[in-house]
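Enquirer: Here it is, the structure, as structure tokens.
The values are calculated or read from the model by the stated rules, or taken from the named source; none is laboratory data. No experiment lies behind these values; they were computed from the predicted model shown. When we count neighbours, we look across all protein chains shown, and the Cβ atoms used for this are built from the backbone with ideal geometry, even at glycine.
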Amino acid sequence: MHQAVVSLIGRDHPVELPVWRSFWDRLHTGGLLRGEAAALLAALSTRMPDRVTLHALLASLDERRPPRPAGPFAGAVNIVGTGGGPATFNISTAAAFVAAAMGVPVVKTGSRAYTSRFGSIDLLTRLGITPTTSYEHTQAVLEHCGIAFAGFFVYPQEVTLLARAVAPLDIRYLGSFVNTLGPFLADMPVAAQVTGVSRPRHLRALGHAAEHVSRATGRSVWLAVNEAGADELLAFTTNTIRAYEDGADSEFALSPGALGLGPGRPDDLAVPEGGVERSAALFLDVLAGRCGRPARETVCLNAAALAVAGRLTGDWHEALAAADAVLRHGSALPLVERLRSLEAAHA
């Protein structure tokens with residue numbers, strides 16, 4: 001059995017960079033024994049790896065990526081969660097549109113549904129928006145619309161190869177580790193990333209991932225947790241932010257009372273019955289400001305986080321007011337239509 005699998009199962013010592021390199025080489029050439037890919041994913045998903053193992057894993061994937069343009073998305077931000085938690089409407093996607101309407105350049109990564117009912121890609125497909133297919137394509141869309149949704153090209157090829165290697169088993173369940181680590185697997189050269197973490201037990205390991213990404217790329221990375229277990233910021237409960245930026249890490253809290261936000265519950269953000277079509281309709285209602293206070297303020301808080309993390313402003317009250325103005329005037333809705341029109345023009 002490959003040493004990477006043995007070490008992950010035994011947990012007796014870290015999996016270092018040469019071992020990960022060997023594992024990926026065998027995965028590419030078809031040299032793994034039957035079941036080794038499934039065993040690796042199961043071990044990773046059962047318990048998050050230690051700091052050395054996680055840093056080496058990410059470094060081993062980084063060095064295998066094809067070259068990309070240098071710094072194509074100056075000043076852009078990304079908002080993406082780890083999945084899991086209460087089933088809410090697509091808050092982070094709504095926040096991405098609102099932040100873009102505020103003047104924050106946004107390049108968002110995402111996926112189809114894994115632990116939630118509808119992922120961001122499912123929603124975008126229903127809205128008639130197709131994710132980009134290359135860095136050049138992403139840059140063109142960002143310049144035209146102020147927002148772009150990156151496709152699967154940003155993820156390592158090794159994820160696809162692992163999925164094929166474990167078939168007919170479903171990687172969505174066997175490899176929950178891949179979804180949890182997903183925000184740090186995407187090679188998206190933005191200036192800042194806000195990531196909601198639904199499971200506090202993963203926070204330490206994801207902190208190791210955030211540390212690696214921030215030091216390797218210079219990206220500012222925020223990890224957010226709250227008592228509701230949502231993978232986005234919530235306006236009606238205290239959110240704790242762990243920030244990795246400028247070679248250091250720090251922690252701060254966002255309190256609803258201090259920000260002037262009102263009460264609410266996770267049920268106020270629930271996914272509606274009626275499938276992705278009804279979810280898309282609700283999503284457009286939210287962008288038009290036709291939603292309850294908890295939903296409006298939650299979207300505004302996440303959009304404000306993008307503005308602050310991206311250093312458009314350092315004033316949370318100012319950022320919240322700007323986001324609220326976008327929703328009250330429906331200023332984000334034209335961005336949906338602009339992305340649709342751009343897609344139609346290239347069809």
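Enquirer: Within segment 140-175, work out how many residues are closer than 16 Å to S45 by Cα and either part of a helix (DSSP H, G or I) or in contact with a strand residue (DSSP E or B) (Cβ under 9 Å, 6 or more places away or on another chain) (or both).
Expert: Initial filter on segment 140-175 (closer than 16 Å to S45 by Cα): 159, 162-163, 166, 169-175.
Right, trim to either part of a helix (DSSP H, G or I) or in contact with a strand residue (DSSP E or B) (Cβ under 9 Å, 6 or more places away or on another chain) (or both) and you get 159, 162-163, 166, 171-174.
Residues in segment 140-175 being closer than 16 Å to S45 by Cα and either part of a helix (DSSP H, G or I) or in contact with a strand residue (DSSP E or B) (Cβ under 9 Å, 6 or more places away or on another chain) (or both): 8 in total.
Enquirer: Separate question: Taking the conditions exactly as written (buried (at least 18 other Cβ atoms within 10 Å of the Cβ) and either in contact with a helix residue (DSSP H, G or I) (Cβ under 6 Å, 6 or more places away or on another chain) or touching a residue at least 60 places away in the same chain (Cβ under 8 Å) (or both)), does A323 satisfy them or not? If you could, list the steps in order and put the result at the bottom.
Expert: Numbers: buried (at least 18 other Cβ atoms within 10 Å of the Cβ): yes; either in contact with a helix residue (DSSP H, G or I) (Cβ under 6 Å, 6 or more places away or on another chain) or touching a residue at least 60 places away in the same chain (Cβ under 8 Å) (or both): yes.
It is true that A323 is buried (at least 18 other Cβ atoms within 10 Å of the Cβ) and either in contact with a helix residue (DSSP H, G or I) (Cβ under 6 Å, 6 or more places away or on another chain) or touching a residue at least 60 places away in the same chain (Cβ under 8 Å) (or both).
Enquirer: From A235, A224, A230, A280, grab the single residue that is in a strand (DSSP E or B) and of a type in the set (A, V, I, L, M, F, W, C).
Expert: A224
Enquirer: If D268 passes every condition in (1) among the acidic types (D, E); (2) under 20 Å from the mean Cα position of the chain (by Cα); (3) surrounded by 16 or more Cβ atoms within 10 Å (Cβ to Cβ) but one, which one does it miss?
Expert: Unmet for D268, out of (1) among the acidic types (D, E); (2) under 20 Å from the mean Cα position of the chain (by Cα); (3) surrounded by 16 or more Cβ atoms within 10 Å (Cβ to Cβ): (2).
Enquirer: Any idea which of A70, A56 is among the aliphatic types (A, V, I, L, M), at negative phi, over 19 Å from the mean Cα position of the chain (by Cα) and in a loop (DSSP other than H, G, I, E, B)? Spell out the reasoning first.
Expert: Values: A56 fails: in a loop (DSSP other than H, G, I, E, B).
None of the other options fit; the residue is A70.
Enquirer: Then there is this: Restricting attention to segment 191-211, report how many residues are touching a strand residue (DSSP E or B) at 6+ places or on another chain (Cβ under 9 Å) and in a helix (DSSP H, G or I).
Expert: We begin by selecting, within segment 191-211, every residue touching a strand residue (DSSP E or B) at 6+ places or on another chain (Cβ under 9 Å); these are 191-200, 203, 206-207, 209-211.
Next, from what is left, pick out any that are in a helix (DSSP H, G or I): 200, 203, 206-207, 209-211.
Counting residues in segment 191-211 that are touching a strand residue (DSSP E or B) at 6+ places or on another chain (Cβ under 9 Å) and in a helix (DSSP H, G or I) gives 7.
Enquirer: What residue, of A43, A76, is buried (at least 16 other Cβ atoms within 10 Å of the Cβ), modelled with pLDDT of 95 or more and touching a strand residue (DSSP E or B) at 6+ places or on another chain (Cβ under 7 Å)? Steps first, answer last, please.
Expert: Details: A43 fails: touching a strand residue (DSSP E or B) at 6+ places or on another chain (Cβ under 7 Å).
When all the criteria are applied, what remains is A76.
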